[in-house]
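Written out below as structure tokens is the structure these notes cover.
Every read-out reported here was derived from the displayed coordinates using simple, explicitly stated rules and does not represent laboratory data. Because the structure is a prediction, the values reported are computed rather than measured. Note that we place each Cβ from the backbone using ideal geometry, even for glycine, and neighbour counts take in every protein chain shown.
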Amino acid sequence: MTDNLEQLIPLWFAEDIGDGDHTTLSCIPADAMGKSQLIIKENGVLAGITIAREIFKAFDPELKMTVFIQDGTEVKVGDVAFVVEGKIQSLLQTERLMLNIMQRMSGVATRTREYVKLLEGTKTNVLDTRKTTPGLRLLEKEAVKIGGGVNHRIGLYDMILLKDNHVDFAGGIDKAIQRAKAYLQSKGKDLKIEIEVRNFDELSQVMSIGGVDRIMLDNFSVENTRKAVEIINGKYETESSGGITFETLRQYAECGVDYISVGALTHSVKSLDMSFKAI
């Protein structure tokens, strides 16, 4: 995460400030000092404190940040998460970038926490997906963890996931699995293999062939998910995906699946409202 931030933060500032924040530079003396506080304006789960600290530090190491509320805490309207003091020019030029990150991450964490609470009492974990904002994947996946969720693979490099197109292009489930296993062996890589199945025929093939770690039940109904879990009988990890809503999440969990992947944790989440105000 740290190495990634070292690359991203300069890009974020370049995008926002360009050749200078001419509004701030024109009306605020360079030596003027002040304080600003992050005020929560909507109930939710706070996330992004660590990233905010890195943003302030990168722009002006002399900014002093005092944190009152840590990541993962459920916050309410009116809470003050932290205070930052230092040069007013620095406070104004870091404000929007910090808010964009904090609001986005807190929105993801808040939504994730809602799903996690809905699954309480079951063995099922909620997973994120690769449906993330380009350039912000690690931050959004960190926010999922802060909210209590579990990260699926980070990218295409840390797990093999044989989806429908892979299976179809490879010429079938048997060829897809065999080629994946041969590839890992030839490359000396130790990656988990997950395969997506669309129906009971494909599930039967996977159960016969083996060689995988997890089976994804894609667009199975609740009833068929329950049957599939009984067939798999703990031999492989199970994941439900596709067509699952907040309203039906609990029903799928009660079928006994290990994971439910939810793209909505990141691809259509609402940012949490907050503001950075002068004291």
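I'd like the trypsin sites (Lys or Arg not before Pro) in segment 230-275 restricted to DSSP loop residues with at most 16 other Cβ atoms within 10 Å, sorted by number.
Sparse-neighbourhood loop trypsin sites (Lys or Arg not before Pro): LYS235, LYS270.
Kindly provide the helix-only [θ] at 222 nm of the chain, computed as the sum of -39,500 (n - 2.57) over DSSP H runs of four or more divided by all residues, to the nearest 500 deg cm²/dmol? Present the calculation step by step, with values, prior to reporting the outcome.
Working: 11 runs with 126 residues, N = 279.
Dividing the helical sum by the residues of the chain leaves -14000 deg cm²/dmol.
Quick one: if you stick a label point 7 Å off each Cα along the C-beta vector at LYS163 and MET33, how many nm between them?
It works out to 5.4 nm between the two label points.
How do 209-216, 152-159 rank on mean C-beta neighbours within 10 Å, highest first?
Descending packing order for the listed peptides: 209-216, 152-159.
Rounded, prolate or oblate: which one fits segment 123-279, using the alpha carbon gyration tensor with axes a ≥ b ≥ c (rounded when a/c is under 1.5, else prolate when a/b beats b/c, else oblate)?
oblate
Using the alpha-carbon atoms, what tilt in degrees (0 to 90, nearest 10) does helix 173-187 show relative to the longest principal axis of the chain?
60 degrees
Please report the spacing between the Cα centers of segment 238-279 and segment 172-228 in Å, no decimals.
Segment 238-279 and segment 172-228 have Cα centres separated by 24 Å.
Give me SER271, SER90 ranked fewest to most by other Cβ atoms within 10 Å of their Cβ, as a rough exposure proxy.
Ranked by crowding around the Cβ, least crowded first: SER271, SER90.
Go through 35-43, 20-28 and give me the packing order, highest mean Cβ count within 10 Å leading.
35-43, 20-28
Per-residue counts of other Cβ atoms within 10 Å, averaged by peptide: what ranking do you get for 83-89, 253-259, highest first?
Packing proxy ranking, top to bottom: 253-259, 83-89.
Quick one, which of (i) 14.6; (ii) 13.8; (iii) 17.1 is the actual mean projected area of the Cα convex hull in nm² calculated for this model?
(iii)
Multiplying the sequence separation of LYS64 and SER26 by 0.36 nm and subtracting their Cα-Cα distance, what value in nm do you get? Can you show the working numbers first?
Working: separation 38, 0.36 × 38 = 13.68 nm, distance 2.39 nm.
In short, 11.3 nm is gained.
Rounded to the nearest 10 degrees, what's the angle between the helix 137-146 long axis and the longest principal axis of the chain, both from Cα atoms, 0 to 90?
So the helix axis and the longest Cα principal axis differ by about 90 degrees.
In debye, nearest 20, what is the charge dipole magnitude of the chain about its Cα centre with +1 on Lys and Arg Cβ and -1 on Asp and Glu Cβ, if you could check? Don't skip to the end; give the middle numbers.
Values: 34 positive and 40 negative charges, 65 e Å.
That gives the chain a dipole magnitude of about 320 debye.
Apply the Karplus curve 6.51 cos²θ - 1.76 cosθ + 1.60, θ = phi - 60°, to the phi angles in segment 228-235 and return the couplings in whole Hz, x for Gly and Pro.
So the Karplus estimates, Gly and Pro as x, are 5, 4, 5, 5, 5, 6, x, 5 Hz.
Considering only DSSP beta bridges whose two residues both sit in the chain, what percent are antiparallel, to the nearest 5?
50 percent
Mind putting a number on the dipole of segment 117-267 about its Cα centre? Charges go on the C-beta only, +1 for Lys and Arg and -1 for Asp and Glu, and I need it in Debye to the nearest 20. Walk me through the numbers on the way to the answer.
On the way: 21 positive and 22 negative charges, 91 e Å.
Its charge dipole is roughly 440 debye.
On C-alpha positions alone, give me the angle between the axis of helix 2-17 and the longest principal axis of the chain, in degrees, nearest 10.
Helix 2-17 sits at roughly 50 degrees to that axis.
Taking every DSSP beta bridge with both residues inside segment 128-272, roughly what % is antiparallel (nearest 5)?
Taking every DSSP beta bridge within segment 128-272, about 0 percent pair in antiparallel fashion.
Only counting other Cβ atoms within 10 Å, I'd like SER186, SER240, SER261 sorted with the fewest neighbours first.
In increasing order of surrounding Cβ atoms, one gets SER186, SER261, SER240.
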